[in-house]
1. Which condition number in (1) surrounded by 14 or more Cβ atoms within 10 Å (Cβ to Cβ); (2) not in a loop (DSSP other than H, G, I, E, B) is the one that Thr70 fails?
2. Spot the failing condition for Lys218; the list is (1) closer than 17 Å to Asp150 by Cα; (2) open to solvent by 40 Å² or more (accessible area, probe 1.4 Å); (3) of a type outside the set (Ser, Thr, Tyr); (4) in contact (Cβ under 8 Å) with a residue 40 or more places away in the chain, and only one is missed.
3. Show the residue pairs meeting these rules: Cβ distance below 8 Å; 6+ apart or different chains; first residue within region 224-237 and part of a loop (DSSP other than H, G, I, E, B); second residue of a type in the set (D, E, K, R) and at pLDDT 95 or above.
4. Would you mention how many residues in region 142-153 are basic (Lys, Arg) and open to solvent by 50 Å² or more (accessible area, probe 1.4 Å)?
5. Output the residues belonging to region 179-215 that are buried (at least 20 other Cβ atoms within 10 Å of the Cβ) and aliphatic (A, V, I, L, M).
6. When you scan region 94-113, do you find a residue that is touching a residue at least 60 places away in the same chain (Cβ under 8 Å) and under 23 Å from Lys176 (Cα atoms), even just one?
7. List pairs: first in region 195-209 and in contact (Cβ under 8 Å) with a residue 60 or more places away in the chain, second open to solvent by 40 Å² or more (accessible area, probe 1.4 Å) and of a type in the set (A, V, I, L, M), Cβ under 7 Å, 6+ apart or cross-chain?
Amino acid sequence: MIKIHKLLGILPILISFVSVCAQDGPYSYKKNDPNGIGKWYMGREIAHVMGFQGMYWLERPEREREEKATKLLENMQLSETDVIADIGAGSGYHVFKMAEKTPKGIIYAVDIQEEMLEALKFRKREFKAGNVEIVRGSEKNVNLPKNTLDKVLIVDVYHEMGYPMEMMRSIYNAMKKEGKLFLIEYRGEDPSVPIKRLHKMTEEQAVKEMAAVGFVLKENIDNLPWQHCMVFVKEIN
């Protein structure tokens, strides 16, 4: 009986140890921040996804003032023939702005939430945006053709990806050799940015994670109020 009591006493410790040390390829698991999912990648806890219930926040009137989307699109130097993917497009805040500037190109609006996809379909009809193609992605794949993208835009979404390595590999494969990835994240180095910690990223962390799939930082355009505008390109071997 004493031995059983001792075993029962150490069982919670063993369970805790296993949960902390659990490993799944590049991912590990442990609870830390209430805004995280308990899944870690390269020293960073992945944040909870903002659900479709937050769609109103994506379309808030003050977003242009807070984030300068107009300036972001200027940074992208859009061409009228560009083929672009907006990953985690949400309600299409950036999609339809880009569509106006690329009349001879294609904008792939990629999302995984059914409600976001329905919102995109509604707005595509509303804006009569024939150059917008709506794509249902998965947690591990953007489901886009290989070697087709001139530019990729990921705005405040990467930190929520449940399988960042797999997703970025699929994006890498979908980009042309000379393609550019615009990774937009709230600046994790700046405590004055009024966003929860797990929903921000430092440049250092982003560079480390992008390097794992073959991207290198070309420049970080420092002209947005709260966000990094990091431009990554394919590593030349």
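The values are calculated or read from the model by the stated rules, or taken from the named source; none is laboratory data. These numbers come from a predicted model, not from an experiment. Every residue, glycine as well, gets a Cβ built from its backbone with ideal geometry; the counts of neighbours run over all protein chains shown. Accessible surface is based on the protein model in full, side chains and every heavy atom, while ligands, DNA and RNA are left aside. Shrake-Rupley method; radii C 1.70, N 1.55, O 1.52, S 1.80 Å.
1. Among (1) surrounded by 14 or more Cβ atoms within 10 Å (Cβ to Cβ); (2) not in a loop (DSSP other than H, G, I, E, B), the lone unmet condition for Thr70 is (1).
2. Only one criterion in (1) closer than 17 Å to Asp150 by Cα; (2) open to solvent by 40 Å² or more (accessible area, probe 1.4 Å); (3) of a type outside the set (Ser, Thr, Tyr); (4) in contact (Cβ under 8 Å) with a residue 40 or more places away in the chain is unmet by Lys218, namely (4).
3. Between residues of region 224-237 that are part of a loop (DSSP other than H, G, I, E, B) and residues that are of a type in the set (D, E, K, R) and at pLDDT 95 or above, the close pairs are Leu224/Lys68; Leu224/Lys71; Pro225/Lys68; Trp226/Arg187; Trp226/Asp190.
4. Number satisfying all stated conditions: 1.
5. Leu181, Leu183, Ile184, Leu198, Met201, Ala206, Met210, listed by residue number.
6. Yes, because at least one residue in region 94-113 is touching a residue at least 60 places away in the same chain (Cβ under 8 Å) and under 23 Å from Lys176 (Cα atoms).
7. Lys208/Met42; Glu209/Met42
Rundown of residues vs (1) assigned to a helix (DSSP H, G or I); (2) open to solvent by less than 10 Å² (accessible area, probe 1.4 Å), yes/no style:
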residue	(1), (2)
Arg65	yes, no
Leu117	yes, yes
Val135	no, no
Lys140	no, no
